[in-house]
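Shown next, in structure tokens, is the structure this report addresses.
The values are calculated or read from the model by the stated rules, or taken from the named source; none is laboratory data. Predicted model only: the values in this text are computed from it and were never measured. Positions of Cβ are generated from backbone atoms using ideal geometry, with glycine treated the same way; all protein chains shown enter the neighbour counts. The area values use the complete protein model at the heavy-atom level, side chains included, leaving out ligands, DNA and RNA. Shrake-Rupley method; radii C 1.70, N 1.55, O 1.52, S 1.80 Å.
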Amino acid sequence: MAGSQNRTPESSVSAQPAPLATPYRTHTCGQLRVDDDGADAKLAGWVHRRRDYGKLVFIDLRDRYGITQVVVDAADAAEAHETATRVRSEFVIAVEGVVARRQPGTENAKLETGAVELQARSVRILNEAKTPPFYINDPDATIDESLRLRYRYLDIRREAMARRLMLRSRLVQAIREAHHTHGFIEVETPNLIKSTPEGARDFIVPSRLQPGTVYALPQSPQQLKQLLMVGGVDRYFQIARCFRDEDMRGDRQPEFTQLDLEMSFVDEATVMGFIETMVIEVSRATVPERPIRTIPFPVFEYDDAMERYGSDKPDIRFGMELFDLAPGLAGPDGQPASGFRVFDETLAAGGRVKGICAPGMGGASRREIDELTEFAKRFGARGLVHLSVQEGGELHGPIAKFLSPEMQAAVRGAAGAGEGDLILVVADTAGTTNDVLGRLRVELGGRLGLANPDELSYCWIHHFPMYQWDAEHHRWDATHNPFSGVVPEDEPLLTTTSGDLGVRDEGDPAGRAKAMQYDIALNGWELGGGSVRIWDPQLLARSFNLQGYTVEQMRERFGAILEAFEYGAPPHGGIALGIDRWAALFSNQATIREVMAFPKTQSGSDLMLEAPSAPDEEQYQELGLRFVGVPEKR
Ligand code: ASP
């Protein structure tokens, strides 16, 4: 019970910016203090808890701002007392009375209003409430998430949820303030548009006025913000809703909110520099109690981040970097010579043998090792080699016998491992090796409590590969954004070996080009990403060709932007940051649903509104549509 009443000063300060008196109340339930002793007051709110001692009834009255104890004494106010005996949890009531200091010894230090109580003269029931399907006044109650989503309005009454919505509101306010300070203007862009690809499927909306045609909901305002730059807006931002029809693995939502921005006459450093300043300002304004680990934010080349952390969104609150075993496993001729076939063959085939060192885990049980091996296999590794460092430095483990004392010393040295540590090794293709070890690193970092949960550790990752090969469609797929620019020195690489942009092959120079693409990561999550764009129409057409768009397709899909670029486009670049993610990270939540008022389930349902639902027959008719069923997946 105590926890539920423990509202921090910080949340109530920002939550009570102005006098909030209304005809129903003179004060909020979080406002009365000893200074108000003797004053008349009116409060209105929900019954958080009621305690009935016969002639005395105590009601903890709650609103968004806090909780105040109301005392109703039959001797002083018989009618009010009679009403108070009828109220139940979550009834909405209005109380009038006089503020009094509590008896010495009965103060509640956990409540900001805990030194006083309201002695009721009158109690009025404004609305009754059914017994809620879960406890609203117990912060520790475990409640099934689908029940919370079904009755989200009740869930939002719970303090933890209310607090997170307040934090999110402060976050958005701070974002707006920072942008206005730095000369940005907020522009709204439409939601009924034409497809803007961000790598997901579009949600489409049939047009009634133009039967047989559809709008697409924006996957992002990408094209529109670039058009705003052509429009001379110079610095744009928006708290933008984006819609992406994806299979909702992990922590995805079909609609989410991003801070979307674009700037003119900039290079990479200008955008990254502004974002860093803004992110620091916003963090300090929203969660002043949380330290930012490193300023300026560390900047990693994409290749370097993958090599060292096995991730393009590294959590750098702790070290435990990946290390390369290959140099230590080579014989005098430089060829792999560990004697352990899997290592030697992997290296000979151009793969990688890398590891991580888990401090102090040398004594891990068989079961723990099996479990970590399963984990590695789940992400595609063929196996996981473990070596524990014994007293004196000797390595123990199923393959230790293959490694000469010199090799053991080299492995230990590369791992930075000491007695009692556990070395975990993956031998596979470069991609799988890095990915699996990167995931193991995060998993073990969590288990070993290596990251300080208070710290905000921002970093940049940039110079991503411009494209990745799409073997199925024989095209170069943009790794991030189809409009991303190439780093100036790689511009000549935007070509194919055949010389024809329509005849593409995996070995094309385009595969080596790096993009002016930057991501910002926070505590192991990708917080945002953006790029300096291609603003030269010829180069844009070349890039689109490599991505497999024919001239006609380009005109059809990106006609407006291609045309606009013929009327003078300034050099420009931008970025988008996930606001749901930012709010979740600020409040240390594992899922973005915890910071969204009305999120959807994994299958895209709104359990409260019961959406999606079948359209009316009339709607079908107006739109000229007929449901023909879904073709079975082959
Ligand atoms: N449009 C990109 C996205 O939504 C961000 C950007 O490049 O500005 O991810």
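Points worth noting:
- Trypsin sites (Lys or Arg not before Pro) restricted to DSSP loop in the range 506-561 with at most 15 other C-beta within 10 Å: none
- Probe 1.4 Å - accessible area at HIS474, Å² to nearest ten: 100 Å²
- Label-point separation, GLN103 to ALA560 (7 Å along Cα→Cβ), nm: 7.1 nm
- Every pair of different Cα atoms in the range 357-399 enters the Kirkwood calculation, which places the hydrodynamic radius at 11.2 Å.
- Modelled label reach - GLU406, point 7 Å along Cα→Cβ, the range 322-348 residues with backbone N closer than 16 Å: 326-340
- Rolling a 1.4 angstrom probe over the chain with all protein chains present gives an accessible area of which 51% lies on carbon and sulfur atoms.
- Only alpha carbons enter this Debye calculation for the range 197-317, each as an equal point scatterer, and the log10 of I(q)/I(0) it gives at q = 0.12, 0.22 Å⁻¹ is -0.69, -1.33.
- Extension gain (nm, one decimal) between ASN452 and ASN588, 0.36 nm per residue minus Cα-Cα: 47.8 nm
- ARG367, ARG170, reordered so the largest accessible area comes first (probe 1.4 Å): ARG367, ARG170
- Residues in the range 215-235 reached by a label modelled at GLU526 [backbone nitrogen below 18 Å; 7 Å Cα→Cβ]: 219-223
- Using alpha-carbon coordinates, inclination of helix 405-415 to the longest axis of the chain, degrees: 50 degrees
- Using alpha-carbon coordinates, inclination of helix 268-286 to the longest axis of the chain, degrees: 30 degrees
- Cα Rg, Dmax (largest Cα-Cα span) when computed across the chain, Å: 30.3, 99
- Candidate cross-link partners of LYS194 among the lysines, defined by an alpha-carbon separation under 16 Å and a same-chain spacing of 8 or more, comprise LYS225.
- Total charge dipole magnitude, the range 408-543, about the Cα centre, Cβ charges on Lys, Arg, Asp, Glu only, Debye to nearest 20: 120 debye
- Its DSSP H runs of at least 4 residues, each contributing -39,500 (n - 2.57), put the calculated 222 nm mean residue ellipticity of the chain at -8500 deg cm²/dmol, to the nearest 500.
- Fraction of the pair-distance distribution of the range 196-248 above 17 Å, Cα-Cα pairs, percent: 50 percent
- Per residue solvent-accessible surface (Å²) - the chain, probe of 1.4 Å: 48 Å²
- For the range 233-390, share of DSSP beta bridges that run antiparallel, in % to the nearest 5: 100 percent
- A crude spin-label estimate for the pair ARG121 and ARG208, with each label 7 Å from Cα along the Cβ direction, gives 5.5 nm.
- Full extension of the chain segment joining GLU443 with THR142 gains 105.9 nm, where the gain is 0.36 nm per residue of separation less the Cα-Cα distance.
- Expressed to the nearest 5 percent, the antiparallel share of DSSP beta bridges inside the chain is 90 percent.
- Scattering profile of the range 570-634 at q = 0.18, 0.22 Å⁻¹ [log10 I(q)/I(0), Debye over alpha-carbon scatterers]: -0.85, -0.96
- If R0 is 51 Å, the Cβ-Cβ spacing of THR270 and ALA74 corresponds to a FRET efficiency of close to 0.10.
- The label point for HIS473 and the one for SER89, both projected 7 Å from the Cα toward the Cβ, are 5.4 nm apart.
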